[in-house]
1. Looking only at the stretch 38-73, count every residue that is within 17 Å of Leu92 (Cα to Cα) and either open to solvent by less than 70 Å² (accessible area, probe 1.4 Å) or hydrophobic (A, V, I, L, M, F, W, C) (or both) and tell me the total.
2. Considering the stretch 32-61 alone, what residues qualify as being touching a strand residue (DSSP E or B) at 6+ places or on another chain (Cβ under 7 Å) and not in a strand (DSSP E or B)?
3. Mind counting the residues in the stretch 12-34 that are farther than 13 Å from Met94 by Cβ and either open to solvent by 40 Å² or more (accessible area, probe 1.4 Å) or of a type in the set (A, V, I, L, M) (or both)?
4. Among the residues of the stretch 79-94 satisfying the criterion of being charged (D, E, K, R) and either in a strand (DSSP E or B) or without any contact (Cβ under 8 Å) to a residue 40 or more places away in the chain (or both), which is most open to solvent (accessible area, probe 1.4 Å)?
Amino acid sequence: MAYLLQKNSNGSSANQWPLTEQPLRMGRSHSMDAVVADPAVSRHHFTIEHRHGAHVLVDHQSTNGTRVNGERVTEIRLLPNDRIAAGKTKFLFMGGL
């Protein structure tokens, strides 16, 4: 199973969320599936969707943007071990279906 792993500043794991066929919405708002307390993260920052056997990250025009492996993206198919940054928060995409 694939999941999104939130990393602490020291590299250790903070939180993880399983990725299923249902979209995973990440942001600062308490209505999100993955809530992070980072003032540089938008209330609804990005979503990871399951499409045609792959996981796709979609940025929701967040103020500070979303980066995957250091590149700013609006939409991208995720690959195992992709590094995601939203605001000052870091994530790791752990692939699998």
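1. Residues that pass the stated criteria total 20.
2. If the condition is that a residue be touching a strand residue (DSSP E or B) at 6+ places or on another chain (Cβ under 7 Å) and not in a strand (DSSP E or B), then Met32, Asp33, Val36, Asp38, Val41, Ser42, Arg43, His44, His45, His60 are the ones that fit.
3. Filtering the stretch 12-34 down to residues farther than 13 Å from Met94 by Cβ leaves 12, 14, 20-23, 25-34.
Cutting the leftovers down to either open to solvent by 40 Å² or more (accessible area, probe 1.4 Å) or of a type in the set (A, V, I, L, M) (or both) gives us 12, 14, 20-23, 25-26, 28, 30-34.
Number of matching residues: 14.
4. Residue satisfying both the conditions and the ranking: Arg83.
The values are calculated or read from the model by the stated rules, or taken from the named source; none is laboratory data. In this text, all values refer to a predicted model and were calculated from it rather than measured experimentally. Backbone-built Cβ (ideal geometry, glycine too); neighbour counts: all protein chains shown. Calculation scope for accessible area: heavy atoms of the full protein, side chains included, ligands and nucleic acids excluded. Shrake-Rupley method; radii C 1.70, N 1.55, O 1.52, S 1.80 Å.
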